[in-house]
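None of the figures in this text is laboratory data; all of them are computed from the coordinates on show. Every value quoted in this text rests on a predicted model; they were computed, and no experiment measured them. Note that each Cβ is placed from the backbone with ideal geometry, even for glycine, and that neighbours are counted across all protein chains shown.
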Amino acid sequence: MAQPIAEGSVFVPAEDITAWAVQCLQALDLRPPDARQLADSLVQTSLWGVDTHGIARLPHYFDRLSRRSIRAQPALKVNRTGPSTAQVDGDHGQGILVAHFANRLAMDMARETGIAAVGVHDSSHCGAVGLYAREAARAGLIGLAFTHADSIAAPHGGQRPFFGTNPIAIAFPRAGGEPVCLDMATTSIPWNRVMNARREGHPLPPDIAIDAQGQPTTDPNAAIAVTPLGGHDYGHKGYALALMVDLLSGPLHGNPFGPNIPAMFGDLNVPRRIGAFFIVLDPMRFAGGRMLAAVVEQVAHALAAEPGSPRMPGDPEHDCAAERRITGLPVEPQLARQMHDWSERLGVASPLRTIAQG
């Protein structure tokens with residue numbers, strides 16, 4: 001579900017943002033295909049209404065690319081460790097590009113063997129993990145994607161950050177429509193929503209963040225950590241999920257866990273050492289595989305006929321994308337200023353001609 005749009009935001013056509021991002025990324029030494037893939041991924045994420053992981057992250061990626069803590073042209077290495085397993089060395093490349101590479105490797109391997117598990121080490125922030133699970137599902141496969149992050153979430157019962165938001169995505173193919181996709185953080189909200197609230201000056205929802213004294217706060221500037229999914233009474237569930245995702249994404253691949261991961265918004269000169277994990281299944285290797293996508297569609301219809309008309313995971317994002325293809329992507333005032341600044345710095349024409357600089 002899309003978060004509220006800040007007052008003073010303007011709406012810019014998605015294709016204009018894409019073209020601008022591609023030019024900026026190429027000016028920062030990304031290869032043209034990589035620049036396009038990264039821009040497309042972030043614009044798609046914003047189309048879905050996941051504004052915390054969409055175009056709002058471009059200035060941060062630009063900054064790290066300019067400081068070379070993200071390598072513009074990494075030398076990715078693949079170690080095929082078994083018929084169905086592989087490890088990708090991300091060489092501190094841009095995380096979305098590394099993740100697409102690893103996920104597509106897992107898809108190819110799953111077509112060969114029925115199941116594949118591909119780990120990633122020494123990468124960076126890989127954006128919305130639903131990008132990768134959905135890609136597998138669109139190809140008729142079942143996709144699972146996991147990643148972790150630095151300490152921005154307090155464990156259940158704790159009073160300071162330890163884990164990242166550590167998201168999970170699972171996607172199934174669906175006959176005649178977009179995949180059904182679970183894409184969720186293991187925390188109440190993603191930390192990027194706190195950063196967006198700081199940037200735009202609006203409060204946080206209640207009971208999703210704590211301050212330095214371990215007390216709930218709605219002040220984004222006072223927040224030091226978000227809380228686990230499940231809240232005060234049931235946060236042990238989100239906390240346990242965060243732990244498992246951290247172990248799957250980091251230590252399994254030789255990368256650090258929570259408190260030992262360099263902070264996303266800390267020293268921007270230091271590489272992140274982020275890991276990720278992709279599992280892909282070929283449903284045709286199982287008894288229900290041939291009818292799976294059709295049955296998923298049947299489930300959607302059956303749910304819609306229930307009282308309250310429940311929707312399938314991912315449907316609200318598809319609706320948001322259809323609307324935003326018409327209205328454009330929201331660009332909040334501070335993000336607009338950052339985009340103007342980077343346009344001037346990189347010598348690229350801004351797509352925000354209607355917004356005054358300053």
(request) Return a whole-number percent for the relative contact order of the chain, with Cα pairs under 8 Å and 6 or more residues apart as the contact set. (result) 23
(message) Once you place label points 7 Å from the Cα toward the Cβ at GLU323 and ASP211, how far apart are they in nm?
(response) 3.4
(request) Give, in whole angstrom and from largest to smallest, the semi-axes √(5λ) of the equivalent ellipsoid of region 89-212, with λ running over the eigenvalues of the Cα gyration tensor. (result) 30, 17, 13
(request) Please list 328-339, 96-107 highest first by mean number of surrounding beta-carbon atoms within 10 Å per residue. (result) 96-107, 328-339
(message) 7 Å from Cα along Cα→Cβ at both ARG111 and ARG345: what's the point-to-point distance in nm?
(response) 4.0
(request) Compute the distance in nm between two label points, each set 7 Å from the Cα along the Cα-to-Cβ direction, one at ALA222 and one at GLN298. (result) 5.4
(request) Quick one: which residues, 5+ away or cross-chain, put their amide H under 5 Å from the amide H of HIS156? H built at 1.01 Å from N. (result) TYR239
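Can you tell me the mean projection area, over all orientations, of the convex hull of the chain's alpha carbons? Units nm², please. Mind dumping the intermediate values first?
On the way: hull surface 72.1 nm².
Projected area, direction-averaged: 18.0 nm².
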(message) Just to check I understand the Karplus step: with θ = phi - 60° and J = 6.51 cos²θ - 1.76 cosθ + 1.60, what whole-Hz values come out for region 316-332, glycine and proline as x?
(response) x, 5, 5, 5, 4, 4, 4, 5, 6, 5, 8, 7, x, 8, x, 10, 6
